[in-house]
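Structure first, then comments.
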Amino acid sequence: MKTYYVTTPIYYVNDVPHIGHAYTSLSCDVLARFKRLDGYDVMFLSGTDEHGQKVAKSAASAGVDPQTFTDGVSENFRGLLDTLNISNDDFIRTTEERHIKSCQALWNDLLKRGELYLGKYAGWYAVRDEAYYGEDELTEGTGGKKIAPSGAECEWVEEPSYFFKLSAWGDRLLKFYDENPDFILPHTRRNEVISFVKSGMRDLSVSRTAITWGVPVPNEPKHVMYVWLDALTNYITALGYPDTQAEKYKKHWPANVHMVGKDILRFHAVYWPAFLMAAGLESPKRVFAHGWWTNEGQKISKSLGNVIDPYELLQTYGLDQTRYFLMREVPFGNDGDFSRSAMIRRINSDLANGIGNLAQRSLSQIAKNCGGVVPKRGAFTEADQNLLGSAQGLLASVRQEMDVQAFHKALDRLWAVIAQADRYVDEQAPWALKKTDIARMETVLYVLAETLRYLGVLLLPFMPDSANALLDQLAVPAAERNFAYLTEKYALKSGTPLSAPQGIFPRYVEPVA
Ligand code: MSP
């Protein structure tokens with residue numbers, strides 16, 4: 001069986017979930033659902049990143065011990081996934097025993113292979129990014145503060161530390177990127193990574209002695225692991241590492257896609273493959289770096305008070321509407337701007353007037369004029385065949401877009417067929433045929449219903465509830481709601497009783513203040 005492994009980053013539990021977390025998780029969910037419907041054995045992993053200085057600090061300011069703190073916040077992230085209808089197969093927490101064992105095993109292996117050595121770190125560290133920076137990367141902020149390229153404030157750190165021999169891996173990484181041109185997508189980001197590696201890398205500090213909230217380094221009571229070494233390892237822990245003969249590991253490693261935001265690409269596309277190669281393990285097949293959302297043109301930040309709460313979006317606009325908007329509005333990989341007006345425009349023009357209206361006008365005519373059953377199909381005209389041909393061609397073209405995570409383009413393809421179907425209804429005018437040629441009217445409505453079946457099944461990954469509601473109204477059996485059934489052989493059967501049509505996508509009307 002074909003397999004597919006997709007992961008979200010594991011989320012820091014220092015914060016409440018916001019639109020950025022929702023976005024990364026949603027994109028993975030759409031991929032996972034698509035691949036399942038396409039016959040793959042899918043493993044979809046999400047979870048929480050619970051160690052490190054940043055989380056320890058948040059716990060301290062909340063006045064609780066880190067374990068109690070992380071137990072609480074981790075639940076919020078699990079809750080967000082449920083609310084967004086995310087279909088992850090596992091949820092990993094880095095404080096779990098299985099993960100601590102896995103990190104320690106990887107550590108021991110790297111040590112045994114001579115990839116780690118004990119030294120002393122003296123340099124800059126940004127707690128917000130949990131990242132080390134070289135002097136040359138920093139700029140001067142107010143009061144002489146050192147600022148990382150991400151905007152995070154840095155502090156000077158001096159401590160005994162283990163190092164990973166990252167400097168030795170530059171050439172092998174460059175060779176790996178060269179041999180795997182689609183390892184990093186989008187390609188613009190790939191170039192950034194390559195120039196970072198080409199500029200020469202220092203060895204990486206991978207243990208800390210100034211903090212205690214982390215995975216203990218084996219046989220070194222004063223050291224805990226650097227939080228990124230700990231965090232990245234989650235992707236193999238969940239497959240049963242260190243048991244590389246475990247069924248899940250054999251089936252799903254290397255991962256097909258690690259989905260990440262652009263801010264954490266370096267960790268995934270440089271450090272992670274270097275750790276893996278050094279341990280003699282395979283590197284993932286792809287890291288996709290998506291862009292960042294701004295809010296009405298402004299950078300999202302807690303201090304500006306403009307953080308977008310995903311729960312509020314769902315409540316105001318609806319779950320599937322929000323899922324659709326996030327996947328459609330911005331070319332995946334680019335930065336994007338969230339605005340209420342753009343959200344409302346998408347809901348009203350693409351959903352209510354687009355797929356919603358097409359379904360409603362087709363199904364209500366069927367209910368009224370065809371006795372509430374799938375209409376009788378006569379011989380197909382060229383116009384009928386054109387529309388059905390486009391619907392049948394969708395799977396191949398949508399699949400191509402999904403294979404490069406071009407969600408917006410996949411949706412464009414679907415909406416092109418919706419537009420074609422709209423033109424078809426206008427041209428065929430089934431309401432006029434009702435008076436002149438009932439048999440032809442039935443065929444036209446049949447063609448529309450069958451086109452809706454294709455659209456409904458292909459919309460399942462994006463808007464599972466609404467697509468299922470549409471397929472319910474077409475009486476498509478649950479077992480036939482996957483891509484193997486998108487052929488003529490499983491076309492709707494004339495005479496099948498249909499339930500009364502119900503609107504799927506209402507227009508959004510701004511509440512009166
Ligand atoms: N814990 C690390 C990941 C470790 S993975 C081995 C981390 N966590 S995070 O919670 O800070 O970020 C999680 C994801 O949210 C990242 O992919 C990040 O890019 C994304 N986003 C955070 N703010 C965002 C926006 N404003 N817009 C889009 N995504 C953003 O990093």
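The values are calculated or read from the model by the stated rules, or taken from the named source; none is laboratory data. Since the model is a prediction, treat every value here as computed from it, not as a measurement. As a convention, Cβ positions derive from the backbone with ideal geometry for all residues, glycine included, and neighbour counts pool all protein chains shown. Side chains are part of the model used for accessible areas, which takes the heavy atoms of the whole protein and leaves out ligands, DNA and RNA. Shrake-Rupley method; radii C 1.70, N 1.55, O 1.52, S 1.80 Å.
At a glance:
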quantity	calculated
Anisotropy class of segment 163-205 from Cα gyration tensor, a/c 1.5 cut	prolate
Accessible area (Å², per residue) of the chain, counting only protein heavy atoms and a probe of 1.4 Å	41 Å²
Magnitude of the charge dipole, the chain, Cβ model with Lys/Arg +1 and Asp/Glu -1, debye to 20	1080 debye
DSSP-defined beta bridges in the chain - what % are antiparallel, rounded to 5	50 percent
Nitroxide proxy distance, nm - points 7 Å out along Cα→Cβ at Trp156 and Gln385	8.0 nm
Where Asp472, Asp437 fall by accessible area, highest first, once all protein chains stay in place (1.4 Å)	Asp472, Asp437
Probe 1.4 Å - accessible area at Thr139, Å² to nearest ten	80 Å²
Helix 66-83 vs. the chain, principal-axis angle (Cα, 0 to 90°, nearest 10)	20 degrees
Probe 1.4 Å, all protein chains present, accessible-area order of Lys120, Lys435, Lys54, largest first	Lys435, Lys120, Lys54
Angle in degrees between helix 170-179 and the longest Cα principal axis of the chain, rounded to the nearest 10	20 degrees
Heavy-atom accessible surface of segment 340-490: percent carbon and sulfur, 1.4 Å	51 percent
Gyration tensor verdict on segment 139-254 (Cα atoms; rounded if a/c is under 1.5, prolate if a/b is larger than b/c, oblate otherwise)	oblate
Computed log₁₀ I(q)/I(0) - Debye formula, equal Cα scatterers, no solvent, segment 340-490, q 0.13, 0.20 Å⁻¹	-0.58, -1.35
Sparsely packed trypsin sites (Lys or Arg not before Pro) within segment 142-179, loop by DSSP, other Cβ within 10 Å at most 13	Lys145
Anisotropy class of segment 1-116 from Cα gyration tensor, a/c 1.5 cut	oblate
Rg [Å, one decimal], Dmax [Å, integer] - the chain, C-alpha atoms	26.2, 89
Share of carbon and sulfur in the accessible heavy-atom surface of segment 131-238 [1.4 Å probe, %]	50 percent
Quotient of C-alpha Rg and 2.2 N^0.38 Å, computed over segment 9-66	1.50
Degrees, to the nearest 10: 319-328 long Cα axis against longest axis of the chain	70 degrees
Cross-link pairs Lys368/Lys409; Lys35/Lys285; Lys120/Lys145; Lys120/Lys175; Lys409/Lys493 - those with Cα-Cα distance over 26 Å	Lys368/Lys409; Lys120/Lys175; Lys409/Lys493
Long pairs among Lys101/Lys262; Lys2/Lys251; Lys146/Lys198, criterion Cα-Cα beyond 19 Å	Lys101/Lys262; Lys146/Lys198
Helical contribution to [θ] at 222 nm, DSSP H n ≥ 4, -39,500 (n - 2.57), averaged over the chain, rounded to 500	-14000 deg cm²/dmol
